[in-house]
Amino acid sequence: MHTKQTVRYLCQIYPSGNEYYYKEEIITHDSWDNLNSLQWGRRRPVTKQTYEKRRKEGYRVHKAYIDKPKGKLLHFPVSKFGEKKETNN
């Protein structure tokens with residue numbers, strides 16, 4: 001179980017209005033005494049309720065507004081790949 005000092009909760013808000021919630025924990029590759037071996041672990045998805053609950057409990061939280069340009073739509077013409085050609089034999 002991680003403590004309030006070794007875990008943080010993230011909220012990413014996109015221009016579309018979508019919000020994604022994650023939890024990150026500090027992990028070590030050697031020992032807790034070796035500060036060079038500490039890093040944030042993999043982001044794990046959590047619910048909005050968990051994020052809000054932990055925020056009220058005093059855990060470290062971070063909101064990030066992601067302002068990335070929208071993706072380009074690529075047009076792929078419909079091909080007749082599935083149709084069989086007739087052969088005259």
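General remarks:
- Just one of the listed residues (SER37, SER79) is at pLDDT below 80 and among the hydroxyl-bearing types (Ser, Thr, Tyr), and it is SER79.
- All of THR28, THR47 fail the test of being in contact with a strand residue (DSSP E or B) (Cβ under 7 Å, 6 or more places away or on another chain), surrounded by fewer than 14 Cβ atoms within 10 Å (Cβ to Cβ) and among the polar types (S, T, N, Q), apart from THR47.
- Restricted to the stretch 31-42, and to residues there that are of a type outside the set (A, V, I, L, M, F, W, C) and surrounded by 12 or more Cβ atoms within 10 Å (Cβ to Cβ), the residue that is nearest to LYS70 (Cα to Cα) is GLY41.
- Count - residues of the stretch 1-25 that are closer than 30 Å to GLY71 by Cα and surrounded by 10 or more Cβ atoms within 10 Å (Cβ to Cβ): 14
The values are calculated or read from the model by the stated rules, or taken from the named source; none is laboratory data. All figures in this text were calculated on a predicted structure; none of them were measured in a lab. Cβ: placed from backbone, ideal geometry, glycine included. Neighbour counts: every protein chain shown.
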